[in-house]
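K.L.:
Dropping the structure in here first, questions after.
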Amino acid sequence: MNQITEEAVAKVRGYVINQARYQCPAGMYGDLWEDMCEVADDMTDEQTEEFLLERAILDDINLIKLVENITLAELYDEDGWVDDVANYIVDYKDDCLVLWNTLASKCES
């Protein structure tokens, strides 16, 4: 990978890791989802990444394809939320189940 591609992949990887804990898993809406978001607020990107390592969601080839769908303006927007990333996370929802189940279980305890 060239430097520009590496930087773009690193940027979008960070968004995927951060946004994954705030995605609304199917069937988890309302109060449970709101509670999960509160728990997610206390989770770091590093902690979230541990749930996603070695999964297809963080594979460089898949992230490059995601980067190709995002404009540079979106990628470097200060808001830090990219709709294409949210859709990507939904596409790889099976890779996030352990993360989401962990968040949900912390809400119940």
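The values are calculated or read from the model by the stated rules, or taken from the named source; none is laboratory data. Bear in mind that the values here come from a model prediction, so they are computed numbers and not experimental data. Heads up, the Cβs are rebuilt from the backbone with ideal geometry, glycines too, and the neighbour counts pull from every protein chain shown.
K.L.:
Kindly check whether there is at least one residue in segment 79-95 that is of a type in the set (S, T, Y), within 16 Å of K11 (Cα to Cα) and touching a residue at least 60 places away in the same chain (Cβ under 8 Å).
P.N.:
yes
K.L.:
Further question: E6: more than 20 Å from A104 (Cβ to Cβ), modelled with pLDDT under 95, assigned to a helix (DSSP H, G or I) and more than 11 Å from the chain's Cα centre (by Cα), yes or no?
P.N.:
When the stated conditions are applied, E6 passes them.
K.L.:
Please specify each residue of segment 11-33 satisfying the condition of being surrounded by 11 or more Cβ atoms within 10 Å (Cβ to Cβ) and part of a helix (DSSP H, G or I).
P.N.:
Residues satisfying the conditions are K11, V12, R13, G14, Y15, V16, I17, N18, Q19, A20, L32, W33.
K.L.:
Of the conditions (1) out of contact with any Lys or Arg (no Cβ under 9 Å at 6 or more places or on another chain); (2) among the aliphatic types (A, V, I, L, M); (3) in contact (Cβ under 8 Å) with a residue 40 or more places away in the chain, V67 fails just one. Which one is it?
P.N.:
The single condition V67 does not satisfy is (1).
K.L.:
Still on this structure: Can you find a residue that is β-branched (V, I, T) and without any contact (Cβ under 8 Å) to a residue 24 or more places away in the chain anywhere in segment 33-55?
P.N.:
Yes, that holds for at least one residue.
K.L.:
Residues that are at pLDDT below 95 and surrounded by 16 or more Cβ atoms within 10 Å (Cβ to Cβ): list the helices (runs of 4 or more DSSP H) wholly contained in segment 37-103 that include at least 2 such residues.
P.N.:
72-75, 83-91
K.L.:
Residue by residue through segment 21-62, note down the ones that are of a type in the set (V, I, T) and over 13 Å from the mean Cα position of the chain (by Cα).
P.N.:
Here is the first cut: in segment 21-62, the residues of a type in the set (V, I, T) are 39, 44, 48, 57, 61.
Selection gives V39, I61.
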